[in-house]
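Colleague: A single structure is presented below for examination.
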Amino acid sequence: MRAMILAAGLGKRMRPLTLTTPKPLLLVAGKALIEYHIERLVTAGFSDIVINHAWLGEQIEQALGDGRRYGARLHYSPEADPLETAGGIHKALPRLCERADDCFVVVNGDVFTDYDFADLPKQIMGQAHLVLVDNPQHNPTGDFSLQEARVSDAGSSRLTFSGISVLRGSLFAGLAPGAAALAPLLRDAMARQQVTGEHFSGYWSDIGTPERLAEVECAVQEQQIDGI
């Protein structure tokens, strides 16, 4: 199974830090954010990793190279303009799966977590498997509900999508090339009971502001995060 790290965002909320440095290369305790993902994916057995990029993307390729020093094979999917999540994945599909029925892992490049990627299912019953977390302060109402391992857009007890998932190539069937969001595809699959999920209660942070970046760095330096 292959994996994809989403790294094509503009990082507008992180400015001025991202005016000259793409968000995935921002440092936490001396290491780029994206390197934590690469290392943990490799440890979990994912050696073929696709990385999409747009804003200052050439810096990402220069910094990471072909991935050999991480024990990985890195493949890049450059985007002239950010294609949003579904659009970026759709463009990279030829590098992620050989058949429409194949599954692959997707990780948002701007989250920080001690989630063990080895816990992700290698095969899924439906179109998607989502890792959900407790709602952070910046998303108090959550995204989806989870009942008996099924994810739904309905329900009052909601959790936040972590940005970690296993997706099937056929989820993107019929999607036209270009910018497209992932949520509508997931909600359509949920309506057909084709999305499973799990609740992760470990460390997770969506690094959307310089303040959250500083909080994560403090947690790493004080060894508050298991395995990091």
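Colleague: For region 113-158, which residues satisfy the criterion of being hydrophobic (A, V, I, L, M, F, W, C), within 14 Å of the chain's Cα centre (by Cα) and over 20 Å from Ser47 (Cα atoms)?
Modeller: The answer is Ala128, Leu130, Val131, Leu132, Val133.
Colleague: Does at least one position in region 43-54 carry a residue that is touching a Lys or Arg at 6+ places or on another chain (Cβ under 8 Å), β-branched (Val, Ile, Thr) and within 21 Å of Leu130 (Cα to Cα)?
Modeller: Yes: one or more hits.
Colleague: So, of the residues in region 171-228 that are outside any loop (DSSP other than H, G, I, E, B) and of a type in the set (Asp, Glu), which turns out to be farthest from Pro22 (Cα to Cα)?
Modeller: Checked region 171-228; the qualifying residue farthest from Pro22 (Cα to Cα) is Asp188.
Colleague: Let me ask another. Please count how many residues of region 132-158 are closer than 17 Å to Asp188 by Cβ and of a type in the set (S, T, N, Q).
Modeller: Total satisfying the criteria: 2.
Colleague: Residues being among the charged types (D, E, K, R), within 15 Å of the chain's Cα centre (by Cα) and under 17 Å from Ala118 (Cβ atoms): count how many of those fall in region 195-209.
Modeller: 0
Colleague: Could you give every pair whose Cβ atoms fall below 8 Å, whose first residue belongs to region 45-57 and is free of Cβ contacts under 8 Å to residues at least 60 places away in the same chain and closer than 15 Å to Ile34 by Cα, and whose second residue is among the charged types (D, E, K, R) and in a loop (DSSP other than H, G, I, E, B), counting only separations of at least 6 or pairs across chains?
Modeller: Partner pairs satisfying both residue conditions: Asn52/Glu79; His53/Glu79; Ala54/Glu79; Ala54/Asp81; Gly57/Glu79.
Colleague: Quick check: anything in region 130-146 hydrophobic (A, V, I, L, M, F, W, C), within 30 Å of Gln223 (Cα to Cα), at pLDDT 95 or above and in a loop (DSSP other than H, G, I, E, B)? I'd like the intermediate steps shown before the answer.
Modeller: Going residue by residue through region 130-146, those that are hydrophobic (A, V, I, L, M, F, W, C) are 130-133, 144, 146.
Add one more test, that the residue is within 30 Å of Gln223 (Cα to Cα), and what stays is 130-133.
Next cut, at pLDDT 95 or above only: 130-133.
Next, only the ones that are in a loop (DSSP other than H, G, I, E, B) stay: none.
No; the residues of region 130-146 include none that is hydrophobic (A, V, I, L, M, F, W, C), within 30 Å of Gln223 (Cα to Cα), at pLDDT 95 or above and in a loop (DSSP other than H, G, I, E, B).
Colleague: Across region 63-99, which residue is surrounded by the fewest Cβ atoms within 10 Å (Cβ to Cβ) among those that are assigned to a helix (DSSP H, G or I) and in contact with a Ser or Thr (Cβ under 8 Å, 6 or more places away or on another chain)?
Modeller: Among those that are assigned to a helix (DSSP H, G or I) and in contact with a Ser or Thr (Cβ under 8 Å, 6 or more places away or on another chain), it is Arg95.
Colleague: What number of residues within region 190-214 satisfy the criterion of being loosely packed, with under 12 Cβ neighbours inside 10 Å and polar (S, T, N, Q)?
Modeller: Total satisfying the criteria: 1.
Yes or no, residue by residue, for (1) hydrophobic (A, V, I, L, M, F, W, C); (2) under 19 Å from Glu217 (Cβ atoms); (3) modelled with pLDDT of 95 or more; (4) more than 16 Å from the chain's Cα centre (by Cα):
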position: Glu39; (1), (2), (3), (4): no, yes, yes, no
position: Val42; (1), (2), (3), (4): yes, no, yes, no
position: Asp48; (1), (2), (3), (4): no, no, yes, no
position: Ala54; (1), (2), (3), (4): yes, no, no, no
position: Gly57; (1), (2), (3), (4): no, no, no, yes
position: Glu61; (1), (2), (3), (4): no, no, yes, yes
position: Arg68; (1), (2), (3), (4): no, no, yes, yes
position: Arg73; (1), (2), (3), (4): no, no, yes, yes
position: Ala80; (1), (2), (3), (4): yes, no, no, yes
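Colleague: Provide a single number: the residues in region 33-62 that are assigned to a loop (DSSP other than H, G, I, E, B) and buried (at least 20 other Cβ atoms within 10 Å of the Cβ).
Modeller: Number of matching residues: 2.
Colleague: A follow-up question, please. Looking at Ala80, Ala118, Ala100, can you tell me which residue is of a type in the set (A, V, I, L, M, F, W, C) and without any contact (Cβ under 8 Å) to a residue 40 or more places away in the chain?
Modeller: Being of a type in the set (A, V, I, L, M, F, W, C) and without any contact (Cβ under 8 Å) to a residue 40 or more places away in the chain holds for just one of Ala80, Ala118, Ala100, which is Ala80.
The values are calculated or read from the model by the stated rules, or taken from the named source; none is laboratory data. What you see is a predicted model, and the numbers here were worked out from it, not measured in a lab. All Cβ positions, even for glycine, are placed from backbone atoms using ideal geometry, and neighbour counts span all protein chains on display.
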